[in-house]
C-alpha cells in the first residue's frame, strides 16, 4: 500500500491569510486586491480545499500585506463567511471574520444603465446590503443585485 503524500504550503512570516472563502471565489478575491501576474510579493491560492464546515473552500495567502477596510468590505460581499488571519513573525496576531456592512458606497456598479449613479452626474453608487443571502439594493433606483456581485464590483 502506497502512503499518500500531503502537499504543504510554506508558512508566511508576515501578511494576511484569507480563509473560508466560498469555493470558486479566490480569483475574485485576487481581483479585489488588485493582484495580477506581476505582483511583488508571494501570493498563494488554494481552490476547492476540503472543509468540514463548507464542504469545499478557497484560501488566499498574501505575504507582507494587511488588507484595507474597503477591501474587506468587498470580500464580505462575495464571501460573507471568510476569515482574516493577520500573521506577524509566523504567528497569528489577529483573527476575525469579515462583516457585511449595512451600506456600500463607491464599491459596486448599479445594474440599471439608467440609474443616476451610471450617468455623468456627480453621484457615487450606494447600496443597502441585505444578508442571507447577500443582496444589494440601489438607494437611487431600487434595483437589486443578487447574483454575480463580483462582476459588478468597482
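The values are calculated or read from the model by the stated rules, or taken from the named source; none is laboratory data. The structure presented is a predicted model; accordingly, all values stated were derived computationally and were not measured. Here Cβ is always computed from backbone atoms with ideal geometry, including for glycine, and neighbour counts include all displayed protein chains.
The table that follows gives values for the structure above.
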quantity: Selection within segment 114-127 - surrounded by 15 or more Cβ atoms within 10 Å (Cβ to Cβ) and touching a strand residue (DSSP E or B) at 6+ places or on another chain (Cβ under 9 Å); calculated: 115, 117, 125, 126, 127
quantity: Any hit, segment 93-104, residues being without any contact (Cβ under 8 Å) to a residue 24 or more places away in the chain, farther than 25 Å from residue 133 by Cα and either out of contact with any helix residue (DSSP H, G or I) (no Cβ under 6 Å at 6 or more places or on another chain) or not assigned by TED's automatic domain parsing to the domain that holds residue 136 (or both); calculated: yes
quantity: Matching entry among 145, 84 (being in the same structural domain as residue 35 (by TED's automatic domain parsing) and surrounded by 18 or more Cβ atoms within 10 Å (Cβ to Cβ)); calculated: 84
quantity: Out of 102, 91, sole residue that is exposed (fewer than 12 other Cβ atoms within 10 Å of the Cβ) and in contact with a strand residue (DSSP E or B) (Cβ under 7 Å, 6 or more places away or on another chain); calculated: 102
quantity: Subset of segment 78-102 (residues that are closer than 24 Å to residue 42 by Cβ and outside any strand (DSSP E or B)); calculated: 78, 79, 82, 89, 90, 98
quantity: Test: residue in segment 108-122 that is in contact (Cβ under 8 Å) with a residue 24 or more places away in the chain, outside any helix (DSSP H, G or I) and within 18 Å of the chain's Cα centre (by Cα); calculated: yes
quantity: Residue in segment 66-74 that is over 16 Å from residue 21 (Cβ atoms), in contact (Cβ under 8 Å) with a residue 12 or more places away in the chain and surrounded by 12 or more Cβ atoms within 10 Å (Cβ to Cβ) present; calculated: yes
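Yes/no matrix, rows are residues, columns are (1) at pLDDT below 90; (2) outside the structural domain of residue 92 (by TED's automatic domain parsing); (3) within 27 Å of residue 147 (Cα to Cα):
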residue	(1), (2), (3)
4	yes, yes, no
7	yes, yes, no
29	no, no, yes
33	no, no, yes
38	yes, no, no
57	no, no, yes
63	no, no, no
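Yes/no matrix, rows are residues, columns are (1) part of a loop (DSSP other than H, G, I, E, B); (2) over 23 Å from residue 107 (Cβ atoms); (3) in contact with a helix residue (DSSP H, G or I) (Cβ under 9 Å, 6 or more places away or on another chain):
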{"position": "19", "(1), (2), (3)": "no, no, no"}
{"position": "35", "(1), (2), (3)": "yes, no, yes"}
{"position": "53", "(1), (2), (3)": "yes, yes, no"}
{"position": "76", "(1), (2), (3)": "no, no, no"}
